[in-house]
Amino acid sequence: MHNIKSLSRFIVIFGLLISAFVSFPQAVSAAAPAVAPAASGKRIVVNLAQQHVYAYQGNSLVFSTRANINGARRGTFHVETKMPMAASYVLGWRLPYWLGIYYGPGGIENGFHGYSLRNTGGIATNSLGCIVMPTAAAARLYAWASMGTPVMIY
């Protein structure tokens, strides 16, 4: 019983700490705002309400995937960094197929990545501000997107 109470306290405290550093999304409209494609015609659209990522080439949907998105900032951004494996300096986790799109509080870059690889083993599928996708989907987006690809989060 003591372990359950300790775990419950930990979860509450962890939730409070996360909420201090992460802004949670507000209600959004269902219609996607227009975002100009890159010169290549590529663009990525993220729908927070649907928890979904859409990749377009011109007006054609190339692919889409579900995503865990919690605290991502709304707006128009561009792919700024690409790394096959990034590191979370906060948690020490490895982030496969990283596409960085903007810097949040404390100078921490947020972006797209596959399920996080924990330093203790296992994976984490939750989002602490990034757009977390199944790793196979993240690999596909990583291979498809180029530096400068526009990203619209709404």
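When segment 105-154 is filtered for residues that are over 26 Å from Gln57 (Cα atoms) and outside any loop (DSSP other than H, G, I, E, B), the ones remaining, listed by number, are Pro105, Gly106, Gly107, Ser116, Leu117, Ile123, Ala124.
Would you check which residues across segment 52-72 are loosely packed, with under 15 Cβ neighbours inside 10 Å and under 12 Å from the mean Cα position of the chain (by Cα) and list them? Passing the criteria: only Arg66. For segment 97-154, what are the residues that are under 11 Å from Val79 (Cα atoms) and of a type in the set (Phe, Trp, Tyr)? Correct list: Trp98, Tyr102, Phe112, Tyr142.
Residue by residue, here is whether (1) farther than 20 Å from Gln50 by Cβ; (2) within 10 Å of the chain's Cα centre (by Cα); (3) surrounded by 14 or more Cβ atoms within 10 Å (Cβ to Cβ); (4) among the acidic types (Asp, Glu) holds:
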{"position": "Tyr97", "(1), (2), (3), (4)": "yes, no, yes, no"}
{"position": "Tyr102", "(1), (2), (3), (4)": "yes, no, yes, no"}
{"position": "Thr120", "(1), (2), (3), (4)": "yes, no, no, no"}
{"position": "Thr125", "(1), (2), (3), (4)": "no, no, no, no"}
{"position": "Gly129", "(1), (2), (3), (4)": "no, yes, yes, no"}
{"position": "Ala137", "(1), (2), (3), (4)": "no, no, yes, no"}
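Among the residues of segment 39-96, those that are assigned to a strand (DSSP E or B), of a type in the set (Ser, Thr, Tyr) and free of Cβ contacts under 8 Å to residues at least 24 places away in the same chain comprise Tyr54, Tyr56, Ser60, Ser64.
No value in this document is a laboratory result; all are computed from the given coordinates. Owing to the predicted nature of the structure, the values given are computational and were not obtained by experimental measurement. For neighbour counting, all protein chains shown are included, and Cβ atoms are generated from backbone atoms with ideal geometry for every residue, glycine included.
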